[in-house]
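Here is the structure we will look at, set down as structure tokens.
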Amino acid sequence: MKRFLTGFIAAAAMTLLSAAFFNARADEGMWLPSLISQRIGDMREKGFRLSAEDIYSINEASLKDAVVLFGRGCTGELISDEGLLLTNHHCGYGQIQKHSSVEHDYLKDGFWAMSRNEELPNEGLTVSFLERMEDVTDAVLKGYSDSMDESQRDSLVKANSAALTAEATSAGKGLRATVEALYYGNQYFLFLYREYSDVRLVGAPPSSIGKFGGDTDNWMWPRHTGDFSIFRIYAGKDNNPAEYSPDNVPYRPKKWFRISLDGVREGDFTFVYGFPGRTQEYIMSEGVRYISEVSDPHKIALRTLRLDIQKKYMASSQKVRIQYSSKNASTANAWKKWQGEMRGIRKMNTVASKKAYEHEFARWAEGTEYEGLTDRIDSLYRLMEPFSYAADYYSETAYQIEVSRFAMQYMKAKDKASLASGFFKDYFLPVDKEIFISMMKEFDRNMPEDSRPDYFRHSLERFGSIEVWADSLFGTSAFADSLRLASCADSTDLLQNDPALEFGETFSRWYSEDIKPELTRLGREITLCYRDYMRGLMEFDRDRAFYPDANLTLRVAYGSVQGYEPADGVMYVPVSTLEGIMQKDNPEIFDYNIPQRLRDIYSSKDYGQWTVTDINGNVTVPVCFIATNHTSGGNSGSPVINADGNLIGINFDRVWEGTMSDIVFDPDLCRNISLDIRYVLFVIDRIAGAGHLIEEMDFAGESM
Ligand code: ARG
Ligand code: GLU
């Protein structure tokens, strides 16, 4: 009976497999640029007209030299020979927000430097160019022997990597190197970057364009967000990285993009070059189950509460709206993504199809070194679940209390005064306090009795209720009030016993003593198993094209412009236009209230040269488009490139129905969303009146 059943499951599994996995390979994949020659045949078959060397070369200037890691989580691209750089509005959001106040509200009104000396410096912002990447597996594992356990192996890898990065960065200014594990440590690559730290804000549209549609439209198609901002990289006179100085000069890049005004049609080849942050494409069914059935739902519920509190206060005061705009947007962003991801995983039946695939693997693995591996991973996941759950709860509740995070940073900070002024600029106590009450109630409701910190129990006993606890903490903490803090800034004793600090430190200690060690230990064991599983998969599933999970290193994704069917009977076309902005325009709703100037331009049809004729024969302005490129968080701001290597758009999002692509890619539903470069130029030219920036750019068809 058992045999029969296994056979039956195997047959069912194969059907599932061919649907869910083999087909899924269409445009799936984030490829390493230095190995792109392995994909170039496929890329060219799909329409690309350049060579692997044009994409990545260490001898000649190639497209990679026009792409940067922007900050530590976005991508940007060079668009002029004077260091002009394009990224998303939401990537520059923190900087735009920092320069904003009620008097100069650049978020609301936009910002345009009309000359070089009006460009605004941004302390702490860097951009990194990839100089080269190289396979260093042998050097990283030098001295390894099979008798080592995972933590010994970790130490060896760390030491060897440190030696490699030290060597790589020894010659030259601003060099930074990292060694990254690929395929769970089956392979290691060294990435050498040149990092520039004088990066100035040049322009940003008003949020009513750059964040048009707000969190309602976020992660959605059809989309009409002009999500871009412009910066300029400055360098020392020798063109090398230099700390900010008024004497620095615009950086002269090795390579910058030419812009194509040809636009896109359904089926056109597109290619996205950028820094996707994190994917888990090979994670097993138990891991997927935890994400989609436990972690995502809990984190979503906690964030719903937090967002509602923020929104309530933001709606009542313009000052609070500015203070919390950036925090609110980033909280909302993952919150909405998780909802799409959870739905996508359930819709694709990923847990069951992965389970079936694992069964197949396990059968194949019988008698090999991989025998029993999937069972082992399953049971490790079960052991880990309570710890993962506690970590999720910690990071979404206690860790989110602003005042105690500030207290902990303050005690360690060198420049305490500037940390404090930055904090209080964007702090509104009633928001934090209400969130504290709400989060501690959830903690009380959902954390099992035996895994709570003693401090939490004692505080409840001592104060009798979470409200009274909050009154006491926020009413007496020096960190909750700038004047109070100023008056006891010199009294380290007093500060050391502060209740906000105590709250932060106690929870943090609970996490690092009771949760993290087990989480790390089991995590290591799982990684170790995944390393074998990954190797096993490559032997088992020989036709599958494997690519390493994203890890914020430079990748190439390619595909084509394509609509999709989000629901039965509904078909989306792949391009959006100004007509849609006008349809959504609504002065009554904050996120849909477009600038009057845009309404005027629409009435006069004075679009300049940035137009397209839509399917109804109307002359209008193109705004966004979608394509099948496999992207992830971090790809924001990535150049979207056509078959000739010219810039046609800026990647900024994915469609909601496809956000599970970090775990499982469905070619029917997964689409990246890009801003059409012609809309960017339209906004610069017609709305901002900053045509001098367009003068700096090069266009396809012109000679450089
Ligand atoms: N969803 C995009 C990304 O993941 C854009 C986020 C910014 N926009 C917003 N409305 N929160 O980063
Ligand atoms: N908006 C995302 C980012 O900031 C890109 C969208 C995605 O996750 O694909 O990187």
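Can you pull a Stokes-Einstein diffusion coefficient for the range 24-90 at 4 °C (1.567 mPa s), Rh from Kirkwood over Cα pairs, as a whole number of µm²/s? List each step's numbers first, then the result.
Working: Rh = 13.8 Å.
Translational diffusion coefficient: 94 µm²/s.
As a test of understanding, state the convex hull volume per residue of the range 568-704 from its alpha carbons, in Å³.
Details: hull volume 21.9 nm³, N = 137.
Convex hull of Cα atoms, per residue: 160 Å³.
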Problem - Order of exposure, largest accessible area first, which applies to His458, His692 with probe 1.4 Å - result: His458, His692
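With the Cα gyration tensor of the range 86-127 in hand, convert its eigenvalues to equivalent ellipsoid semi-axes via √(5λ) and list them largest first in whole Å. Show your work: numbers first, answer last.
Numbers: eigenvalues 49, 38, 23 Å².
One finds semi-axes of 16, 14, 11 Å for the range 86-127.
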Completion exercise
Projected area averaged over all directions for the convex hull of the alpha carbon atoms of the range 451-500, nm², comes out at 3.9
Fill in the blank from the handout: Check: C-alpha center the range 626-702 vs C-alpha center the range 94-154, spacing in Å is 20
Exercise for the section: Could you pull the Rg and Dmax for the range 160-272, using just the Cα atoms, both in Å? Expected result: 19.8, 50
Problem - Of all accessible heavy-atom area on the range 510-609, the percent that carbon and sulfur account for (1.4 Å) - result: 49
Problem - Rg(Cα)/(2.2 N^0.38 Å) for the range 394-449, N = residue count - result: 1.31
Handout entry: For peptides 351-357, 437-443, sequence by mean Cβ density within 10 Å, most packed first
Key = 351-357, 437-443
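Can you list the equivalent-ellipsoid semi-axes of the chain, largest first and in whole Å, using the square root of 5 times each Cα gyration tensor eigenvalue?
On the way: eigenvalues 279, 259, 147 Å².
Equivalent ellipsoid of the chain: 37, 36, 27 Å, largest first.
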Fill in the blank from the handout: Rh_Kirkwood(the range 546-604) over Cα pairs, Å, one decimal, evaluates to 15.6
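When the accessible area of the range 90-245 is split by element with a 1.4 Å probe, what percent falls to carbon and sulfur? Walk me through the numbers before you get to the answer.
Numbers: 3210 of 6390 Å².
C and S atoms contribute 50 percent here.
Given axes a ≥ b ≥ c from the Cα gyration tensor, I'd like to know whether the range 488-614 is rounded (a/c under 1.5), prolate (a/b larger than b/c) or oblate. Please list the in-between numbers first.
Values: a/c = 3.38, a/b = 1.31, b/c = 2.57.
Note, shape of the range 488-614 comes out oblate.
Let's see if you can work this out: charge +1 on each Lys and Arg Cβ, -1 on each Asp and Glu Cβ, no other charges. What is the dipole magnitude of the range 232-277 about its Cα centre, in debye to the nearest 20? Could the numbers behind the result be given before it?
Numbers: 7 positive and 6 negative charges, 35 e Å.
For this selection, approximately 160 debye.
Cα gyration tensor of the range 325-470, axes a ≥ b ≥ c as square roots of the eigenvalues: rounded (a/c below 1.5), prolate (a/b > b/c) or oblate? List each step's numbers first, then the result.
Working: a/c = 2.43, a/b = 1.99, b/c = 1.22.
Judged from the Cα gyration tensor, the range 325-470 comes out prolate (a/c at least 1.5, a/b above b/c).
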Fill in the blank from the handout: With a Förster distance of 45 angstrom and the Cβ-Cβ distance between Asp146 and Ser482, calculated FRET efficiency to the nearest 0.05 equals 0.15
Problem - Contour minus Cα-Cα distance for Ala567 and Met538 (0.36 nm per residue) - result: 7.0 nm
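With only alpha-carbon atoms in the gyration tensor, what are the semi-axes of the equivalent ellipsoid for the range 427-512, in Å, largest first?
Details: eigenvalues 115, 46, 23 Å².
After scaling each eigenvalue by five and taking roots: 24, 15, 11 Å.
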Completion exercise
What the 5 Å binned alpha carbon P(r) of the range 618-664 shows, as percent of pairs per bin from 0, is 5, 18, 27, 22, 15, 10, 3, 1, 0
Handout entry: Charged-residue dipole, Cβ positions (Lys, Arg, Asp, Glu), the chain about Cα centre, Debye nearest 20
Key = 380
Exercise for the section: In debye, nearest 20, what is the charge dipole magnitude of the range 147-187 about its Cα centre with +1 on Lys and Arg Cβ and -1 on Asp and Glu Cβ, if you could check? Expected result: 260
Practice task
With unit charges on the beta carbon (Lys/Arg positive, Asp/Glu negative), name the residue among Pro33, Cys91, Ser379 whose Cα is farthest towards the positive pole of the charge dipole of the chain.
Solution key: Cys91
Handout entry: Accessible surface, the chain, averaged per residue in Å² (probe 1.4 Å)
Key = 42
Exercise for the section: Just subtract the alpha-carbon distance of Ala159 and Asp606 from 0.36 nm times their residue separation and send over the number in nm, one decimal. Expected result: 154.7 nm
Exercise for the section: Evaluate the Debye formula for the range 107-150 with equal point scatterers sitting on the alpha carbons, no solvent, and hand back log10 of I(q)/I(0) at q = 0.15, 0.24, 0.31, 0.33 Å⁻¹, in q order, two decimals. Expected result: -0.69, -0.99, -1.14, -1.16
Handout entry: Segment Glu167-Asn59, length gained on full extension (0.36 nm per residue, minus Cα span)
Key = 36.9 nm
Handout entry: Cα-based convex hull volume of the range 280-403 per residue, rounded to whole Å³
Key = 110
Practice task
Average the reciprocal distances over every distinct pair of alpha-carbons in the range 209-328, invert the result, and give the Kirkwood radius in Å.
Solution key: 20.1
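The values are calculated or read from the model by the stated rules, or taken from the named source; none is laboratory data. None of these values were measured; they are calculated from a predicted model. Note that we place each Cβ from the backbone using ideal geometry, even for glycine, and neighbour counts take in every protein chain shown. Side chains included, ligands, DNA and RNA excluded: accessible areas come from the protein's heavy atoms. Shrake-Rupley method; radii C 1.70, N 1.55, O 1.52, S 1.80 Å.
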